[in-house]
Each structure stands twice: as C-alpha cells, then as structure tokens.
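Everything below concerns the one structure shown next.
The values are calculated or read from the model by the stated rules, or taken from the named source; none is laboratory data. Just so it is clear, the structure is predicted and the values come from calculations on it, not from any experiment. Cβ coordinates were reconstructed from backbone atoms using ideal geometry, including for glycine residues, and neighbour counts include every protein chain displayed.
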C-alpha cells in the first residue's frame, strides 16, 4: 500500500484503509516522495467507529526527522506485541 502510494507521479488524495498502526508509522516515514499537492489519509477503525486520520497534517506537525525515524522506532519497541504479565497456573 505504502509503496504504491509513494509511487504516484501526480498530485492525488490518497486514502489507506487499515486498522494497523504499523501502516501509519511506515506511511509517515515515507511521506517525502509524495508530490507537494498530494494529501494522505488513513481510514481506521471498525463498524460505526470509522475515522479519517490526516497523515499529511501529522507529518507537517511532527517534521521530517521524527517521521523518518518512526518505522524504526515502531519496529524496535514492538508496539503491537501483547505481553502477558501473568498466566494462570494449573
């Protein structure tokens, strides 16, 4: 998804549908190849809780340096890993 979005050769409004934070981190880290007039959105959520997140605005507010490091940081911290603090013993 991100690869195809970054290879669009004309200004476009891009909507990526995903509930996975990995996609947002990867897209924010790769916003630099987008054309200046392009806008990237992420449609996230399920059921009646769908919402659009303006990735272009997030990128502008956080800056290129922080956004470029997001995919690496996300990979190192393992944000999607659920850690069990205790297990029921038999």
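Quick notes on this one:
- Unique residue being at pLDDT 85 or above and exposed (fewer than 14 other Cβ atoms within 10 Å of the Cβ) when the list is 15, 53: 15
- Within the range 31-50, the residues that satisfy the criterion of being under 16 Å from residue 1 (Cβ atoms) and modelled with pLDDT of 80 or more are 31, 38, 39, 40, 41, 42, 43, 44.
- Qualifying residues in the range 1-12 (those that are assigned to a loop (DSSP other than H, G, I, E, B) and over 11 Å from the mean Cα position of the chain (by Cα)) - the one nearest to residue 73 (Cα to Cα): 7
- Residue 59 vs. criteria touching a strand residue (DSSP E or B) at 6+ places or on another chain (Cβ under 9 Å), surrounded by 10 or more Cβ atoms within 10 Å (Cβ to Cβ) and touching a residue at least 24 places away in the same chain (Cβ under 8 Å): yes
- Restricting the range 21-50 to residues that are out of contact with any strand residue (DSSP E or B) (no Cβ under 7 Å at 6 or more places or on another chain) and more than 17 Å from residue 71 (Cα to Cα), the residue that is surrounded by the most Cβ atoms within 10 Å (Cβ to Cβ): 35
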